[in-house]
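In what follows, a structure is listed as structure tokens, so that the remarks can point back to it.
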There are 2 protein chains.
Amino acid sequence: MTFLVPGFEGSAVESGIRYRGRLDLGLIASAVPAALAGVFTRNEVKAAPVLVGIERLHKGRPYARAIVVNSGNANACTGPEGIAHVHEIHGLAAKEMGINPEEIMSSSTGVIGEPLPMDRIRRAMPALVAGLSDNALDCVADAILTTDTVRKTAIRHLDICGIDITIAGMAKGAGMIGPNMGLPRATMLSFILSDAVVDPAWWQVIVEEAVSDSFNQIIIDGDTSTNDTLLALANGLAGNPIINGNRHGQLFKAVLEDLFQDLAHQLVRGGEGVTKCVTIRVEGARNRDEADKIARTVAKSPLVKTAFFGEDPNWGRILAAAGRAGFPMDQRLIELAFNDVTIVKGGIGVGKEAEEQAKEAMAAEEFSVTLDLGLGKARAQVLASDLSGDYVRINADYRS
Amino acid sequence: MTFLVPGFEGSAVESGIRYRGRLDLGLIASAVPAALAGVFTRNEVKAAPVLVGIERLHKGRPYARAIVVNSGNANACTGPEGIAHVHEIHGLAAKEMGINPEEIMSSSTGVIGEPLPMDRIRRAMPALVAGLSDNALDCVADAILTTDTVRKTAIRHLDICGIDITIAGMAKGAGMIGPNMGLPRATMLSFILSDAVVDPAWWQVIVEEAVSDSFNQIIIDGDTSTNDTLLALANGLAGNPIINGNRHGQLFKAVLEDLFQDLAHQLVRGGEGVTKCVTIRVEGARNRDEADKIARTVAKSPLVKTAFFGEDPNWGRILAAAGRAGFPMDQRLIELAFNDVTIVKGGIGVGKEAEEQAKEAMAAEEFSVTLDLGLGKARAQVLASDLSGDYVRINADYRS
């Protein structure tokens, strides 16, 4: 896959923020000001670049020319100094690029609570800007990785009035994944680039909507990061008739959601120590909120996640997790299936044969669990990982 | 420690419910009808013996003569057949003991969703009853263990008007621990035995109160079981002046709470794969509910728990977990300490030296984390475990 978006260039360098021999500072630049949409972590503890980014979007400057991103250090819990560092980075990049600092956004991911090594960032900036190339967006996708083992990118094309429009995205995030983003949840970073002409106000709305049905529906460990950020830039260079809520909006949104879901899926597949990627559906709920909260409780249960890892169709753990989600239910109405194999009916097990079939379903890297509460018509689903010994190893060793 | 309570006998046998060569069926008997208090899981999915127990307490029969308990099978999600099995067990024990089935309570712990092997229980009942001995309460404490590696018992004595009163308790539970019991969270089982003369209505009230400040404040994996049960019997054989809310109640309650906290602590120390036992305190909250929910969110965070396991004072993960608990906070006011070592002030790290001291504190099996939000005067605390590779191994292998 060639990761090219008209009018966008990328660059990445090894600045030595935390590790040697590893890309850790990236830059995305648009040839012209691009409509900007952004969603950020809802965690009450927010990293400095998140605080600055939210403030900028609230001020109503929905355009940007560039995004600077570093891995290895989250610039979170760093106080006023952390905020000053964000502004300094914007200034450094702006000066080197010959643009306005207000046209730059930034993101950080990595360890919390340590000051950014600004000397290294200052030293690296000239080479970072000089390295901008339309072929190097892939390198930015590498530079944002932390415990991720593989690069996550996706690209889509759509035709509007005979004009080919590109939408592409990159993402990172392998732990601290339980995104809950809005304008003001893993460290999850994602940058979306398009050459479409879009209505800027509509752009923010559909980006938020698409996030809620994609990134916000994935759970690795359920820990919500201080740094989650998705920034979406649309530079308009395709020259299509403007896309908004009335014109081509539904089609564009459908493609955007498909792209987000692809990236979200890649995040779970590439999650820390993940061996299973499980779609957890709750059906037959009284309302969507209930269905969603039950699905999340099941998805976060350590006992359910370890059973996934062990390929054990231990449905009792799933029912027990659903039962502690905080909603009244009638255990006599519950049905549960692994893929299309029903193993619980009327709240009791169907038998050994069904369990054997469920166990076969679980041998695959991807399968689904469908819990029908029998109470109503609402449904929700989340994409969850298992919990493996490797997750523990990675996170017990991460900092030291 | 001699586990003797006047008027109480115990017995345990290997009935072969699930494993060979292991005590799995226990019986506690009181020489005379004993005042009964009970608290059960608040999980919406409840095991058959829990459903029967709740019904009995609601009917207002606050006396019991015996408790039958099995490990290896939870008799949960077993439908009407499971309920019938509970009644059959009560009938079998009553017949063998020559008492009324209504005087018997029961509990089960083990795998969910499989019918109890009633033939084995029927076969074992005569020997179980015949084996009753005042020296064998310890054996019951062994028979209730599942993935627990050590027996958990505690005993206290108090003097009321010159009369020596005994209060003793046994408990089990190493996984699925996040007790939330009331009259209607681990499979946690605990049986409390006393020879005190108590007011039966007051007995239920203080047992519930003592549970909320002990068992309900521990978190291993945060999964709440379908089977959690605490039953407390007071047979009155000490002959003391009756204890109630007005007379000697505060003293008795203090001793009971101390006993419960001892057992709760033993549960965490003996939790599945547990290497650290961490007191998580939240102070400076606006109200107790907020403090409690934030402490629980921190205690359940996989990233915090793996950092405990790794002995990494990764305070950023603690702040991030607190920040996603759902309460507004001001990160600039946050203070955090490991034992008495403050490592975060004003939301930012104090420095490397403090972190090194915190790391030393974490090398012990027990330490505390105190998070001060700086918002108010309310506080709460929970007792939490770490998350180790052994936890995953135990739970990925548990059923198969």
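Taking the criterion of being over 27 Å from B:Val50 (Cα atoms), hydrophobic (A, V, I, L, M, F, W, C) and touching a Pro at 6+ places or on another chain (Cβ under 8 Å), would at least one residue in the range A:291-308 satisfy it?
no
Quick one: count up the residues across the range B:356-400 that are in contact with a Lys or Arg (Cβ under 8 Å, 6 or more places away or on another chain), assigned to a helix (DSSP H, G or I) and more than 9 Å from every other protein chain (Cβ to nearest Cβ).
The qualifying residues number 1.
Please specify each residue of the range A:326-335 satisfying the condition of being closer than 13 Å to B:Gly79 by Cβ and at the interface with chain B (Cβ under 7 Å from one of its Cβ atoms).
A:Gln331
How many residues are within 14 Å of chain B (Cβ to nearest Cβ), more than 20 Å from A:Arg281 (Cβ to Cβ) and not aliphatic (A, V, I, L, M) when one looks only at the range A:341-355?
Total meeting the criteria: 2.
Go through the range B:351-385 and give me each residue that's within 22 Å of B:Gly270 (Cα to Cα) and touching a Gly at 6+ places or on another chain (Cβ under 8 Å).
B:Ser385
Collect the residues in the range A:287-325 that are at the interface with chain B (Cβ under 7 Å from one of its Cβ atoms), in a loop (DSSP other than H, G, I, E, B) and more than 24 Å from the chain's Cα centre (by Cα), keeping them in residue-number order.
Within the range A:287-325, A:Gly310, A:Asp312, A:Asn314, A:Arg324 meet the criteria.
Let me confirm something: among A:Val282, A:Val211, which residue is assigned by TED's automatic domain parsing to the domain that holds A:Arg156 and not in a loop (DSSP other than H, G, I, E, B)?
A:Val211
With A:Gly110, A:Gly82, A:Gly38 as the choices, which residue is assigned to a strand (DSSP E or B) and within 11 Å of chain B (Cβ to nearest Cβ)?
Working: A:Gly82 fails: assigned to a strand (DSSP E or B); A:Gly38 fails: within 11 Å of chain B (Cβ to nearest Cβ).
Result of the check over A:Gly110, A:Gly82, A:Gly38: A:Gly110.
Counting just the residues of the range A:18-35 that are part of a strand (DSSP E or B) and out of contact with any helix residue (DSSP H, G or I) (no Cβ under 8 Å at 6 or more places or on another chain), which one comes out surrounded by the most Cβ atoms within 10 Å (Cβ to Cβ)?
A:Ala34
So which of A:Glu88, A:Glu102 is on the phi < 0 side of the Ramachandran plot, touching a His at 6+ places or on another chain (Cβ under 9 Å) and part of a helix (DSSP H, G or I)?
Result of the check over A:Glu88, A:Glu102: A:Glu102.
Which count do you get for residues in the range A:208-239 that are surrounded by fewer than 24 Cβ atoms within 10 Å (Cβ to Cβ) and closer than 20 Å to A:Thr166 by Cα?
The total comes to 6.
Could you list, in sequence order, all residues of the range A:51-77 that are touching a strand residue (DSSP E or B) at 6+ places or on another chain (Cβ under 6 Å) and within 14 Å of chain B (Cβ to nearest Cβ)?
Selection gives A:Ile54, A:Gly72, A:Asn73, A:Ala74, A:Asn75, A:Cys77.
In the range A:46-69, what residues are within 18 Å of the chain's Cα centre (by Cα) and part of a loop (DSSP other than H, G, I, E, B)?
Result: A:Lys46, A:Ala47.
Residue-wise test of (1) under 25 Å from the mean Cα position of the chain (by Cα); (2) of a type in the set (A, V, I, L, M, F, W, C).
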{"position": "A:Thr342", "(1), (2)": "no, no"}
{"position": "A:Lys345", "(1), (2)": "no, no"}
{"position": "A:Ile348", "(1), (2)": "no, yes"}
{"position": "A:Glu356", "(1), (2)": "no, no"}
{"position": "A:Glu360", "(1), (2)": "no, no"}
{"position": "A:Glu366", "(1), (2)": "yes, no"}
{"position": "A:Val369", "(1), (2)": "yes, yes"}
{"position": "A:Asp372", "(1), (2)": "no, no"}
{"position": "A:Leu375", "(1), (2)": "no, yes"}
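So for the range B:82-96 (the condition being at pLDDT below 95, farther than 18 Å from B:Gly16 by Cα, of a type outside the set (Val, Ile, Thr) and touching a strand residue (DSSP E or B) at 6+ places or on another chain (Cβ under 8 Å)), does at least one residue qualify? Give the steps one after another, and end with the answer.
From the range B:82-96, those at pLDDT below 95 are none; that's our starting set.
No, the range B:82-96 contains no residue that is at pLDDT below 95, farther than 18 Å from B:Gly16 by Cα, of a type outside the set (Val, Ile, Thr) and touching a strand residue (DSSP E or B) at 6+ places or on another chain (Cβ under 8 Å).
When the range A:256-275 is examined, which residues are found to be surrounded by fewer than 24 Cβ atoms within 10 Å (Cβ to Cβ) and not aliphatic (A, V, I, L, M)?
Listed by number, the residues that qualify are A:Glu257, A:Asp258, A:Gln261, A:Asp262, A:His265, A:Gln266, A:Arg269, A:Gly270, A:Gly273, A:Thr275.
Could you check the range A:326-338 and list, in sequence order, the residues that are assigned to a strand (DSSP E or B) and of a type in the set (Asp, Glu)?
We begin by selecting, within the range A:326-338, every residue assigned to a strand (DSSP E or B); these are A:335-338.
If the condition is that a residue be assigned to a strand (DSSP E or B) and of a type in the set (Asp, Glu), then A:Glu335 is the only one that fits.
The values are calculated or read from the model by the stated rules, or taken from the named source; none is laboratory data. Note that this is a predicted model, so its numbers are computed, not measured. Ideal geometry is used to build each Cβ from the backbone, glycine not excepted, and the neighbour counts take in all protein chains shown.
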